[in-house]
Structure formats: C-alpha cells, structure tokens
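Visitor: My questions all concern the structure below.
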Amino acid sequence: MAHDIRRINDDMAAYWMPFTPNKAFKANPRLLQSADGLFYTTTDGRQVFDGSSGLWCCALGHNQPKIVEAIREQAGKLDYATSFGYGHPAAFELANTLADTMPGDLNHIFYTNSGSESVETALKIALAYHRLRGEGQRVRLIGREGGYHGVGFGGISVGGMVNNRKFFGAMLPGVDHMPLPYDERMHRSKGQPDVGADYADQLERILTLHDPSTVAAVIVEPVAGSNGVYVPPVGYLERLRDITRKHGILLIFDEVITGFGRLGYATAAERFGVEPDLITTAKALNNGTVPMGAVAVQSQIYDTFMEAGGEGVEFFHGYTYSAHPLAVAAAQAAQALYAELGAYENVRALEGYFEDAMHHLAESDVISDVRNLGFMSALTFKRIDDKPMSRSSQIFGRAFENGLKVRLSSDNIAIAPPIISQKSDIDLIVDRMQKTISDIG
Ligand SMILES: Cc1ncc(COP(=O)(O)O)c(C=O)c1O
C-alpha cells in the first residue's frame with residue numbers, strides 16, 4: 001500500500017525509526033506505554049506478551065525491582081565517569097564477574113555500548129593482535145552468508161544480510177563468506193540438525209583460495225539469530241574450531257543474542273563445548289535496560305597487547321560511554337539475578353516443552369519449517385502468491401493485535417520469550433499464535 005508521508009500523523013514525522021517501514025508504521029502505529037514482568041502495556045491499554053524478550057535482550061522480563069533499584073541508586077551516586085585514563089570500582093568488579101561466567105581462558109573484558117560496537121571491537125582486536133605478533137599480513141576476515149553482526153562497517157562487511165549491505169558501498173576489503181549451514185535435509189529438526197557438519201569444510205576451501213596465512217579471524221553467530229534462527233549442525237562449530245586453530249586464525253563467536261541464558265547457559269560456547277578466542281555480547285548482559293556490550297578476550301590475546309604495548313596505550317580504541325556507571329550497575333544486578341532466579345536452569349528444564357510447543361504450532365500447513373534451540377525459535381511462513389514476507393508480515397501485525405509481540409525477519413517469525421517464562425507462558429504464546437494463524441489463514 002502506498003502511504004503519503006505528508007498526510008500521515010504529522011507529529012510522528014520527526015522520528016526517523018530504525019529498521020522500520022516508517023510510512024506504514026506511522027499510518028498504523030504500535031505504541032508501547034509501559035512494561036512489567038512478561039507483558040507490555042500498549043497506549044490503548046492492551047496487555048501484550050513479550051514473546052521476543054524486547055529485541056532478544058530482556059531475558060528477565062521487565063521492571064525487575066533489583067535492576068531498577070541498582071540503576072536509580074547509581075544515578076544518584078556516580079552518574080558518569082570516563083574510562084579513558086580513569087576508572088570506577090564497579091567496572092572492575094563487573095569484569096571479574098563476567099570473566100568468571102565466560103568459558104576457559106576468556107578472562108578479559110572490553111566494554112562497549114551495543115552489539116554492533118562489540119563486533120567492531122572484536123574485529124579490530126583480531127587485526128591488531130596479529131600485527132603485534134609480527135603477522136601483519138593477516139588482514140582478511142571471514143563471515144557467513146545470512147550472518148548478522150550489527151550495523152557498523154565491519155559488521156555489515158562480515159555479515160551476510162543483503163539489504164543491510166547493498167545500499168552502503170563496497171564494504172571492507174578482504175572479506176569473504178562461508179555458506180549458512182542449512183538446507184532442506186534440516187527442515188523441522190528438533191534442536192541441532194544431525195546432518196551438515198561438513199558445511200564447515202567450506203572454510204578450508206575459502207582459506208586455500210586466499211592462503212590461510214592472510215586470514216585474521218572467522219566470525220559466526222553460534223546460532224544465527226536475526227536472519228531467522230538457524231541452529232548449527234552437530235559437529236559444525238567443533239570443525240570450525242579445529243580448522244581455525246590449525247591455521248592460527250582467531251575464532252570469534254558473536255553471542256549478542258545467545259549470551260546470558262538464551263540457550264540455557266551463560267554462553268553458546270559453554271553449551272556447545274567449543275571455546276572461541278573472542279566472544280561478543282550485549283543485549284541480555286544487563287537485561288537490555290541501559291545500552292551496553294562487552295567483548296570477552298582470551299588471556300593470551302590480552303597478554304600480547306600488554307607485552308607489545310610498552311608504557312603507552314596498548315589498544316587505540318574505546319567509547320565515551322565504555323563502562324558507563326548506570327550500565328555497569330544494571331549489569332551487576334542482572335548477573336546476580338540470573339543466578340538467584342535459576343534463569344539458565346529454567347531454560348534447560350523447559351526447553352523440551354518449548355520445543356514441542358513450537359513444533360506443534362508448525363503443524364499448520366501455512367508453515368514450511370521450524371527451528372529451535374533453548375528459548376530461541378523461528379517459524380517459516382509460506383508466501384502468498386510467491387511474494388516475499390507476504391504472510392509473515394501479516395502474522396507479525398495480527399499477533400500484536402492478539403496480544404503477542406514476536407520478531408519478523410523475512411518469511412520468518414522468531415519467538416524467544418524471556419528465559420524465566422513458565423509452561424503457562426509458553427501455552428499462552430501457543431494460544432495467541434494459533435489464533436493469529438487462523439485469523440490470517
Ligand atoms: C549476533 C548479533 N550481533 C550484533 C548485533 C547488533 O547489536 P546492536 O543492535 O546492539 O548494535 C545483533 C543484534 O541483534 C546481533 O544479533
């Protein structure tokens with residue numbers, strides 16, 4: 001439908017909304033007024049279940065009293081402190097907490113303000129690390145088709161979502177992409193597909209083409225999220241780890257979505273038993289309450305910077321708001337709550353129930369595939385008249401009217417409830433989705 005921008009809600013014109021069809025939205029807005037627990041309240045007073053945990057970030061739901069209190073208290077105590085040449089104690093304490101939750105030797109934490117910044121940071125650490133070790137020829141980066149690594153130029157270069165790239169020029173030089181490990185054999189798999197580990201061998205092919213000694217890092221989402229929840233085949237990530245290690249290439253897991261409980265563990269690395277060299281996080285780090293990200297780095301990489309850096313600045317990188325006191329306070333509170341509420345254990349206990357619920361929904365004949373792991377799932381909707389997103393976008397809009405917030409990504413609807421959700425919450429998702437599917441047909 002065409003929308004005349006000048007005639008739509010003039011008072012909404014000033015706000016240029018991100019990743020949103022502005023004209024359609026402003027003609028028919030979905031406005032959230034407040035949130036508490038697992039529900040949003042809309043401006044017209046309706047309760048909407050948060051089936052996408054905000055944007056994969058509000059793992060503990062909303063308005064958690066201990067997080068709210070931590071932010072309030074911090075705002076009155078130390079509202080801002082620069083991290084360039086100064087510090088504040090809580091930033092160091094939180095780094096220790098996070099290092100303890102990271103697997104193996106990922107013992108050092110670099111703070112950012114978003115997932116995109118975590119990705120840019122990790123890519124720069126990888127390039128600088130090799131240069132400091134005398135391997136400055138390692139300038140190439142390998143990502144994956146369909147990958148989402150945020151919106152910085154590094155992230156869209158290694159990323160593989162076409163619309164996020166095609167408008168923005170030639171990208172970083174020296175980047176190549178592996179295929180997404182997904183094909184028809186994996187349709188309707190429950191959890192990890194048991195075929196497809198050999199997709200990892202494509203990395204060897206790409207490395208041979210470029211000469212492995214020119215490659216700095218490989219970056220993947222352990223479970224691809226934004227593109228529509230693609231779960232790695234059994235053995236795939238292990239093989240990527242073996243190949244990168246063999247060639248002295250760093251492996252980066254982008255855990256901006258999978259970090260902090262989505263898969264029932266602090267990290268996907270822990271769940272899969274595969275230890276990368278760097279892990280990027282954001283989102284659920286502090287339950288999405290204050291913008292924040294963090295990159296966890298192997299000791300050996302950190303030590304290289306410390307040794308090579310002499311007396312001066314070892315890494316010429318950082319953000320005005322790195323380790324912002326409000327974000328740090330919120331993160332400490334969120335991390336404590338994950339343990340106190342047994343939130344990761346809850347996902348492990350209920351992921352089978354969630355899986356059955358999603359596969360039950362997918363029995364509808366308008367759905368062609370379903371994928372899931374932990375509290376992360378996506379349903380692929382068949383197109384109407386072969387038009388991309390024709391059915392999924394209608395489902396997205398109607399679900400909201402039926403009291404369910406989900407995430408739309410091309411023909412996929414992602415469902416990722418807060419990790420403290422109970423069986424009755426999963427039942428509610430199923431009821432509202434079923435109604436939505438039958439409304440749209
Ligand atoms: C895997 C991954 N990396 C990076 C990002 C970017 O995060 P942000 O939107 O906080 O910049 C996202 C966001 O969804 C993501 O899923």
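All of the numbers you see were taken from the coordinates with simple rules; none came from a lab. Since we're looking at a predicted model, the values are computed, not measured. We place every Cβ from the backbone using ideal geometry, glycine too, and count neighbours over all the protein chains shown.
Visitor: Spelling out what I want: for every residue of region 264-276, take phi, set θ = phi - 60°, compute 6.51 cos²θ - 1.76 cosθ + 1.60 (Karplus), and round to whole Hz; glycine and proline get x.
Guide: Calculated HN-Hα couplings, in order: x, 9, 4, 9, 5, 4, 5, 4, 8, x, 10, 9, x Hz.
Visitor: Using helices alone, I'd like the mean residue ellipticity at 222 nm for the chain: each DSSP H run of four-plus residues gives -39500 (n - 2.57), total over residue count, nearest 500.
Guide: After summing the helix terms and dividing by the residues of the chain, the value is -11000 deg cm²/dmol.
Visitor: Report, to two decimal places, the Cα Rg of the chain normalised by 2.2 N^0.38 Å (N = number of residues).
Guide: 0.97
Visitor: Which order, highest average first, do 384-396, 362-374 follow once you tally other Cβ atoms within 10 Å for each residue and take the mean per peptide?
Guide: 362-374, 384-396
Visitor: Continuing with the same structure: Please check: in the Gaussian network model of the chain (C-alpha springs, under 10 Å), which one of LEU428, LEU250, LEU31 has the largest mean-square fluctuation.
Guide: LEU31
Visitor: Moving on. Using a 10 Å cut-off around each Cβ, can you sort TYR148, TYR353, TYR230 from fewest to most neighbouring Cβ atoms?
Guide: Lowest count first: TYR353, TYR230, TYR148.
Visitor: Could you let me know the centre-to-centre spacing of region 39-94 and region 305-357, using Cα atoms, in angstrom?
Guide: Here the two parts' Cα centres lie 13 Å apart.
Visitor: Further, regarding this structure: Taking the highest mean first, how do the peptides 46-56, 118-128 order by number of other beta carbon atoms within 10 angstrom per residue?
Guide: Ranked from most to least packed, the peptides come out as 118-128, 46-56.
Visitor: So, by mean Cβ neighbours within 10 angstrom, what's the order for 158-168, 194-204 with the highest one leading?
Guide: Descending packing order for the listed peptides: 194-204, 158-168.
Visitor: Turning to a different aspect of this structure: If I take every Cα pair under 8 Å that is 6 or more residues apart in the chain, average their sequence separation and divide by the length, what percent do I get for the relative contact order?
Guide: The normalised contact order for the chain reaches 21 percent.
Visitor: Also, quick follow-up: How far apart, in nm, are two points set 7 Å out from the Cα along the Cα-to-Cβ line at ALA99 and at GLU340?
Guide: It is 2.5 nm.
Visitor: Under the 0.36 nm per residue contour assumption, what length would be gained going from the current alpha-carbon distance of GLU401 and PHE168 to full extension?
Guide: Extra length from GLU401 to PHE168 when fully extended: 80.4 nm.
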